[in-house]
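Colleague: The structure is given below, and queries will be raised subsequently.
The values are calculated or read from the model by the stated rules, or taken from the named source; none is laboratory data. This is a predicted model, so every value here is computed, not measured. Positions of Cβ are generated from backbone atoms using ideal geometry, with glycine treated the same way; all protein chains shown enter the neighbour counts.
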Amino acid sequence: MSEATQGGRERPPSPPSKPVVHHTLRYADDPLAFVTDVAREYGPVAEYDIGGISFYQLSDPELVEHVLVQENQRYIKGELFQESLGTVLGDGLLTSEGEFWRQQRHLMQPAFLPQMLRRYSEVMVEYTERMLSSWEDGETRDIHEDMMSLTVEIAAKTLFDVDIREEESAVGDALETVMDYSSTSMKRPVDVPRWVPTPRNRRYQQALDDLTEVVGRIVTEHRDDDPDPEANDVVSLLLTFRDDDGEPLPDEQIRDELVTILLAGHETTALALTYTLHLLGTNPEQAATLREELDAVLDGERPGFGDLDDLTYTEQVVKEGMRVYPPVWELIREAAEPDTVGDYRVEPGQTVSVQQWVFHRDPRFYDDPLEFRPSRWTKAFERDLPKYAYFPFGGGPRRCIGDRFAMLEARLALATIAQSWTVDPTHELSFDPSITLRPEGSVEMVVNHR
């Protein structure tokens with residue numbers, strides 16, 4: 001038995017709870033405040049019960065690294081995660097486990113190589129300009145809706161080599177429906193079985209059918225065009241793969257991977273852009289500094305891959321936006337083997353959670369953590385910051401495969417927007433945290449051309 005599984009006390013400290021419901025009602029009332037209070041009051045490992053599921057919440061960067069990196073082989077995504085997303089994503093990269101997951105990640109890695117990112121950059125700027133061409137000076141827009149449309153179109157063109165603009169509304173609605181369904185189900189201790197024909201279940205099934213139809217059309221078009229074995233777009237990589245026996249991937253597996261890319265490849269970046277624009281709209285000094293850099297570096301020209309090294313403040317703005325409002329606010333793992341985390345034993349089946357929302361706003365690591373201060377992200381600051389005090393893309397082997405893609409897209413889209421437009425939010429942000437840090441309702445801003 002390794003040192004990781006030896007010793008440890010029985011149970012971590014826990015907030016006061018109520019009979020039967022335990023901590024469920026307090027959590028449901030305000031999940032973000034609840035996990036923050038738990039971290040501040042009960043130390044590096046705390047336990048609570050939500051809907052009959054015991055969670056061990058970790059609030060120390062070294063413990064996060066232990067679970068995500070050092071002992072990652074002892075943990076899986078787990079039943080809770082599979083129940084919320086497994087129906088829509090199947091055995092896609094986000095939900096698969098073990099050797100099968102490693103094979104799929106290795107297969108799709110070429111789509112995210114540096115030389116591919118350079119090629120994608122032109123599409124990212126072009127599609128952002130295309131979106132901006134529909135904006136009118138002085139109008140009020142739902143910026144979250146705009147960013148969701150933009151990022152799904154970029155994901156489809158760069159990773160699938162298809163322009164889905166004409167189908168974007170249907171695809172966007174379907175993705176929104178399945179995310180809303182999955183997010184709501186994750187919060188419910190008891191949910192109506194999917195086979196019961198309630199209006200909500202019927203909408204969900206229709207959304208799954210719509211996504212399957214769109215993805216099927218994309219695959220058929222690529223097959224008809226005789227996919228190039230040397231091509232690096234995701235669809236071609238999946239269609240030309242052959243296993244050791246010379247067999248291609250099943251159509252169902254290709255479908256799972258493409259839906260996973262569509263879903264995971266656009267929502268988090270859309271949230272990052274939405275919240276960063278909101279922060280700029282409510283922090284005029286930082287917005288002015290960003291515009292000064294864009295004017296000085298770009299001199300009126302469109303941003304490109306070659307400009308990124310000089311757009312240092314732009315990158316700082318994106319990093320700070322994801323610190324204040326992390327699009328993925330929480331990671332959940334389930335122990336598959338015994339382990340010891342901190343002073344406590346972790347048995348197989350135990351759910352472990354870590355919250356970027358808590359770490360990214362922790363005064364131990366950030367001065368004035370609620371202040372939007374992009375300039376804090378100096379090389380010296382990043383060098384001294386504990387490794388897992390900031391982890392917007394997760395960590396370890398399961399770190400987001402598209403992290404560099406997302407950072408590239410966020411920087412180029414933000415530069416393209418802020419170069420020519422300013423935004424003025426009409427209301428404060430409120431959240432409906434679930435799998436991601438989704439906004440509650442629309443995120444409206446008045447847009448003005450510079």
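Colleague: Restricted to segment 156-172, and to residues that are of a type in the set (A, V, I, L, M) and not in a loop (DSSP other than H, G, I, E, B), which residue is farthest from LEU113 (Cα to Cα)?
Modeller: ALA170
Colleague: Can you find, within segment 307-324, the residue that is nearest to THR269 (Cα to Cα) among those that are touching a residue at least 24 places away in the same chain (Cβ under 8 Å) and in contact with an Asp or Glu (Cβ under 8 Å, 6 or more places away or on another chain)?
Modeller: The initial filter retains those residues of segment 307-324 that are touching a residue at least 24 places away in the same chain (Cβ under 8 Å), namely 307-308, 311, 313-324.
Within this subset, residues satisfying the condition of being in contact with an Asp or Glu (Cβ under 8 Å, 6 or more places away or on another chain) are 308, 311, 313-314.
Numbers: LEU308: 18, LEU311: 19, TYR313: 18, THR314: 15 Å.
Restricting to residues being touching a residue at least 24 places away in the same chain (Cβ under 8 Å) and in contact with an Asp or Glu (Cβ under 8 Å, 6 or more places away or on another chain), the top hit is THR314.
Colleague: Name, by its number, the condition in (1) part of a loop (DSSP other than H, G, I, E, B); (2) buried (at least 19 other Cβ atoms within 10 Å of the Cβ) that does not hold for ARG11.
Modeller: That leaves (2) as the condition not met.
Colleague: Does ASP91 meet the test of being assigned to a loop (DSSP other than H, G, I, E, B) and out of contact with any strand residue (DSSP E or B) (no Cβ under 7 Å at 6 or more places or on another chain)?
Modeller: Details: assigned to a loop (DSSP other than H, G, I, E, B): yes; out of contact with any strand residue (DSSP E or B) (no Cβ under 7 Å at 6 or more places or on another chain): yes.
When the stated conditions are applied, ASP91 passes them.
Colleague: Those residues that are within 16 Å of PRO363 (Cβ to Cβ) and out of contact with any strand residue (DSSP E or B) (no Cβ under 8 Å at 6 or more places or on another chain), I need them from segment 34-59; list them, please.
Modeller: Of everything in segment 34-59, those that are within 16 Å of PRO363 (Cβ to Cβ) and out of contact with any strand residue (DSSP E or B) (no Cβ under 8 Å at 6 or more places or on another chain) turn out to be THR36, ASP37, ARG40, GLU41, GLY43.
Colleague: If you don't mind, there's one more thing I want to ask. Only one residue in GLU292, GLU320, GLU337 is touching a Lys or Arg at 6+ places or on another chain (Cβ under 9 Å), closer than 28 Å to THR416 by Cα and of a type outside the set (A, V, I, L, M, F, W, C). Which one? Break it down stepwise before answering.
Modeller: Details: GLU292 fails: touching a Lys or Arg at 6+ places or on another chain (Cβ under 9 Å); GLU337 fails: closer than 28 Å to THR416 by Cα.
Result: GLU320 is the single residue among GLU292, GLU320, GLU337 that is touching a Lys or Arg at 6+ places or on another chain (Cβ under 9 Å), closer than 28 Å to THR416 by Cα and of a type outside the set (A, V, I, L, M, F, W, C).
Colleague: All but one of (1) in a helix (DSSP H, G or I); (2) over 30 Å from GLU301 (Cα atoms); (3) at pLDDT 95 or above; (4) touching a helix residue (DSSP H, G or I) at 6+ places or on another chain (Cβ under 8 Å) hold for SER84, so report the exception by its number.
Modeller: (3)
Colleague: Given GLU41, GLU47, which one is touching a Pro at 6+ places or on another chain (Cβ under 9 Å), free of Cβ contacts under 8 Å to residues at least 40 places away in the same chain and in a helix (DSSP H, G or I)? Don't jump to the end; show me each part of the working.
Modeller: Details: GLU47 fails: in a helix (DSSP H, G or I).
GLU41 is the lone residue from the list that is touching a Pro at 6+ places or on another chain (Cβ under 9 Å), free of Cβ contacts under 8 Å to residues at least 40 places away in the same chain and in a helix (DSSP H, G or I).
Colleague: Before we move on, is SER54 modelled with pLDDT under 95 and either outside any helix (DSSP H, G or I) or out of contact with any helix residue (DSSP H, G or I) (no Cβ under 8 Å at 6 or more places or on another chain) (or both)?
Modeller: Here the answer is no, as SER54 does not meet what is asked.
The rows are residues; the columns are (1) buried (at least 16 other Cβ atoms within 10 Å of the Cβ); (2) in contact with a strand residue (DSSP E or B) (Cβ under 9 Å, 6 or more places away or on another chain); (3) modelled with pLDDT under 90; (4) among the aliphatic types (A, V, I, L, M).
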{"position": "GLU168", "(1), (2), (3), (4)": "yes, no, yes, no"}
{"position": "SER185", "(1), (2), (3), (4)": "yes, no, yes, no"}
{"position": "LEU211", "(1), (2), (3), (4)": "yes, no, yes, yes"}
{"position": "ARG217", "(1), (2), (3), (4)": "no, no, yes, no"}
{"position": "ILE254", "(1), (2), (3), (4)": "yes, no, no, yes"}
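Colleague: Which of the following residues is free of Cβ contacts under 8 Å to residues at least 60 places away in the same chain, surrounded by 18 or more Cβ atoms within 10 Å (Cβ to Cβ) and within 20 Å of the chain's Cα centre (by Cα): GLU97, GLU153, GLU65?
Modeller: Being free of Cβ contacts under 8 Å to residues at least 60 places away in the same chain, surrounded by 18 or more Cβ atoms within 10 Å (Cβ to Cβ) and within 20 Å of the chain's Cα centre (by Cα) holds for just one of GLU97, GLU153, GLU65, which is GLU153.
Colleague: Given the residues VAL178, VAL196, which is the only one that is over 25 Å from VAL21 (Cβ atoms) and either out of contact with any Ser or Thr (no Cβ under 6 Å at 6 or more places or on another chain) or at pLDDT below 80 (or both)?
Modeller: Working: VAL196 fails: over 25 Å from VAL21 (Cβ atoms).
Answer to the selection: VAL178.
Colleague: Now for a separate question. Name the residue that is surrounded by the most Cβ atoms within 10 Å (Cβ to Cβ), counting only residues in segment 398-433 that are among the small types (Gly, Ala, Ser) and under 21 Å from the mean Cα position of the chain (by Cα).
Modeller: ALA413
Colleague: Let me ask something else. Can you find even one residue in segment 104-119 that is within 30 Å of PHE34 (Cα to Cα), of a type outside the set (Val, Ile, Thr) and surrounded by 14 or more Cβ atoms within 10 Å (Cβ to Cβ)?
Modeller: No - not one qualifying residue is present in segment 104-119.
Colleague: Let me ask something else. Kindly provide the set of residues from segment 229-252 that are surrounded by 13 or more Cβ atoms within 10 Å (Cβ to Cβ) and under 22 Å from GLN115 (Cα atoms), ordered by number.
Modeller: Selection gives ALA231, ASN232, ASP233, VAL234, VAL235, SER236, LEU237, LEU238, LEU239, THR240, PHE241.
Colleague: Quickly run through segment 223-252 and pick out the residues that are under 23 Å from GLU167 (Cα atoms), in a helix (DSSP H, G or I) and either among the small types (Gly, Ala, Ser) or touching a residue at least 24 places away in the same chain (Cβ under 8 Å) (or both).
Modeller: Hits for segment 223-252 are VAL234, VAL235, SER236, LEU238, ASP251, GLU252.
Yes/no per residue for (1) surrounded by fewer than 21 Cβ atoms within 10 Å (Cβ to Cβ); (2) touching a residue at least 40 places away in the same chain (Cβ under 8 Å); (3) within 24 Å of the chain's Cα centre (by Cα):
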position	(1), (2), (3)
LEU263	no, yes, yes
GLU267	no, yes, yes
LEU271	no, yes, yes
THR276	no, yes, yes
PRO284	yes, no, no
LEU298	yes, yes, no
PHE305	yes, yes, yes
PRO326	no, yes, yes
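Colleague: Follow-up. Can you report the number of residues in segment 357-396 which are of a type in the set (Val, Ile, Thr) and either in contact (Cβ under 8 Å) with a residue 60 or more places away in the chain or closer than 28 Å to HIS266 by Cβ (or both)?
Modeller: Residues that pass the stated criteria total 1.
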